[in-house]
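Only one structure is covered here, and it is reproduced in the block below.
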Amino acid sequence: MNGPVTLQAAATPASPALVLRPWCMDDVGALVEACRDPALRRWMSHVVENDADAARWVRAQQQGWADGDRFSFAVLEVQPEPYRAQLAGNVTLKEVAPGGPTAEVGYWTAAHARGRGVAPRALEALTGWVFDTFEADGLERLELLHQVDNLASCRVARKSRYDFDRVLPAAPPTFPRDGHLHVRRLSA
């Protein structure tokens, strides 16, 4: 991959434009703040308690980019006048393998940004980039997993054209309850 990647999603009548860019150390404070949300903590596999945890998490995301197997984007809501960007969430492509036909996507949305279409718009931007970037390497299908009781994630999957595939059995500790597998194919 040549250089940093920045993706965009257009503004809607109810929500500002989104910029998706790789995580950086300047995001640590906003990440800690977002992770204080009990609803978000319920679904996250990695808990961020403080600046040191957040810095480790950001470094892990940066290492994923360097290794070419995990691509995480900070999702920022952009207000044009006066210009400011506020952390609204995260989208990730993971389990990317050279020549592999399948990879996984994941996301979360900060509490203040929920209900405004941030996750579906960010996921759509990520999905387009993934297929454009990795199709030549054989990527044909993206998988989205969420626990069965995460109804908001199920709605995001449907809005983003990830079709329900099947129920997956729980796999504690990282996936403590049964889950849904949603799939989007290159041709979708």
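Summary table
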{"item": "Theoretical FRET efficiency, 1/(1+(r/R0)^6), r = Cβ-Cβ of Asp67 and Arg177, R0 22 Å, to 0.05", "result": "0.15"}
{"item": "Most to least packed among 69-80, 160-171, 14-25 [average Cβ atoms within 10 Å]", "result": "69-80, 14-25, 160-171"}
{"item": "Percentage relative contact order, the chain, counting C-alpha pairs under 8 Å, at least six apart", "result": "17 percent"}
{"item": "Inter-label distance, nm, simple model (7 Å from Cα along the C-beta direction), Met25/Asp163", "result": "4.7 nm"}
{"item": "Assigned charges on the beta-carbon of Lys, Arg, Asp, Glu; segment 7-185 dipole about Cα centre (debye)", "result": "540 debye"}
{"item": "Kyte-Doolittle mean at least -0.5 and Cα axial length at least 18 Å: DSSP H helices in the chain", "result": "118-134"}
{"item": "Candidates Leu93, Leu151, Leu31, ranked by Gaussian network fluctuation over the chain, Cα under 10 Å, top entry", "result": "Leu151"}
{"item": "Global geometry of segment 10-146, whether rounded, prolate or oblate, following the gyration tensor of its Cα atoms and the 1.5 cut on a/c", "result": "oblate"}
{"item": "Efficiency of FRET from Cβ geometry, Glu140 and His112, R₀ 25 Å, rounded to 0.05", "result": "0.10"}
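Values quoted throughout were computed directly from the atomic coordinates according to the rules given, and no laboratory measurement underlies them. Source: prediction; values computed, not measured. Glycine also receives a Cβ, built like all others from the backbone with ideal geometry; neighbour counts cover every protein chain displayed.
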